[in-house]
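Below is one structure, written out as structure tokens; the observations come after it.
Only the coordinates and a few stated rules stand behind these numbers; no lab work does. Values in this document were obtained by computation on a predicted structure and should not be read as measured data. Virtual Cβ from ideal backbone geometry, glycine too; neighbours counted across all protein chains shown.
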Amino acid sequence: MTYDDNNIFAKILRNEIPCNKIYEDEFVLSFYDINPQKKIHVLVIPKGKYVDLDDFSVNASSEEMVGLLKGINKVAKKLKISVDIGKGYRVLANISEHGGQEVPHLHFHLFGGERVGKMVE
Ligand code: 5GP
């Protein structure tokens with residue numbers, strides 16, 4: 001799948017539509033999900049144009065990969081859900097059709113602030 005420059009997260013990255021930002025650095029942007037499924041539900045996305053985790057795993061640089069993983073931890077710390085200062089959380093990435101991915105720009109969901117519950121339905 002080729003990257004669609006008009007997907008909603010691409011527009012958020014270009015500041016064409018607003019988001020409720022939590023954290024930003026050279027590699028990632030994090031913001032609250034517009035339709036939260038848990039007490040805390042935020043998204044962490046890479047700044048690079050990657051459709052999904054498969055695309056990212058094959059095409060991203062090592063720096064981008066490290067930046068994304070560290071970004072997730074920085075967001076978790078900021079939200080006080082990381083294991084050193086909080087009670088933990090769940091990270092989830094939907095990939096393509098069977099994964100139920102709706103927005104074709106790689107993103108990780110972080111759920112927390114309460115017990116997240118059953119892993120899959
Ligand atoms: P997916 O199903 O692709 O893994 O998740 C996409 C997520 O993006 C959904 O949880 C949805 O609520 C969220 N979302 C869709 N459009 C917007 C938007 O314009 N702003 C924000 N903050 N979240 C969005």
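Order these peptides, 65-74, 112-121, 8-17, by their mean beta-carbon neighbour count within 10 angstrom, highest first.
Going from most to least packed, we get 65-74, 8-17, 112-121.
Hey, for a label at Ser57 modelled as a point 7 Å past Cα toward Cβ, could you say which residues of region 1-45 have their backbone N under 20 Å away?
1-3, 44-45
Which ³J(HN,Hα) values in Hz, rounded to whole numbers, follow from the phi angles of region 32-49 under the Karplus curve 6.51 cos²θ - 1.76 cosθ + 1.60, where θ = phi - 60° and Gly and Pro get x?
6, 5, 5, 10, x, 9, 9, 3, 10, 9, 10, 10, 10, 10, x, 6, x, 8
From the phi of every residue in region 91-96, what ³J(HN,Hα) in whole Hz does the Karplus formula 6.51 cos²θ - 1.76 cosθ + 1.60 yield, where θ is phi - 60° and glycine or proline is x?
Those phi angles translate into 10, 9, 10, 8, 10, 6 Hz.
Tell me the label-point distance for the pair Glu16, Leu69, using the 7 Å Cα-to-Cβ offset, in nm and rounded to one decimal.
My value for the distance between the label points is 3.3 nm.
Quick one: which residues, 5+ away or cross-chain, put their amide H under 5 Å from the amide H of Leu106? H built at 1.01 Å from N.
Tyr50, Val51, Asp52
Extension gain Asp25-Val91, at 0.36 nm per residue separation less the Cα-Cα distance, in nm?
Between Asp25 and Val91, full extension yields an extra 21.8 nm.
How large is the convex hull of the C-alpha atoms of region 41-121 per residue, in Å³?
Here the figure is 95 Å³ per residue.
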